[in-house]
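Trainee: For reference, the structure I am asking about is given below.
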């Protein structure tokens, strides 16, 4: 019984500490928006004020700060709570987060951006399926 209690306490402490990788995968700080991508003129902060539903069936976000599978799971769970999100696929090697939508009630860029920033990660961009790479 004591061993089980110790294991539960250790797991709980690890969950409170969060990611053991101790930092973002890039030089960008956690929970901030990066400057506009060169040549685009679009600041990621703009996404927080874009409340129009995304018309396409999926969007791809670039997110900095994912250092371990726990980070990816945190983002996936947060996105799953947004109305209109069917599922998400996270590629930690390049920081891409692909979000597939369901039904007619697609989320806005603001909802997706808020989810990423509130989770403690750095949003770089959001591109809808039809906007190209």
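The values are calculated or read from the model by the stated rules, or taken from the named source; none is laboratory data. The shown structure was predicted, so the numbers you read here are calculated from the model rather than taken from an experiment. Methodologically, a virtual Cβ is constructed for each residue, glycine included, from the backbone with ideal geometry; neighbour enumeration extends over all protein chains shown.
Trainee: If residue 71 meets every condition in (1) surrounded by 13 or more Cβ atoms within 10 Å (Cβ to Cβ); (2) under 18 Å from residue 126 (Cα atoms) apart from one, which number is that one?
Mentor: The single condition residue 71 does not satisfy is (2).
Trainee: A further question follows. Out of all the residues in segment 53-61, is one or more in a helix (DSSP H, G or I), at pLDDT 95 or above and in contact with a strand residue (DSSP E or B) (Cβ under 8 Å, 6 or more places away or on another chain)?
Mentor: no
Trainee: Let me ask something additional. Could you list all residues from segment 74-87 that are part of a loop (DSSP other than H, G, I, E, B) and loosely packed, with under 15 Cβ neighbours inside 10 Å?
Mentor: Answer for segment 74-87, where residues must be part of a loop (DSSP other than H, G, I, E, B) and loosely packed, with under 15 Cβ neighbours inside 10 Å: 81, 83.
Trainee: How many residues are in contact with a strand residue (DSSP E or B) (Cβ under 8 Å, 6 or more places away or on another chain) and over 15 Å from residue 76 (Cα atoms) if we restrict to segment 108-121?
Mentor: The number of residues fulfilling the criteria is 2.
Trainee: Another question, if that's okay. State which residue is surrounded by the most Cβ atoms within 10 Å (Cβ to Cβ) when the search covers only segment 92-125 and only residues that are assigned to a strand (DSSP E or B) and at pLDDT below 95.
Mentor: The extreme case among them is 123.
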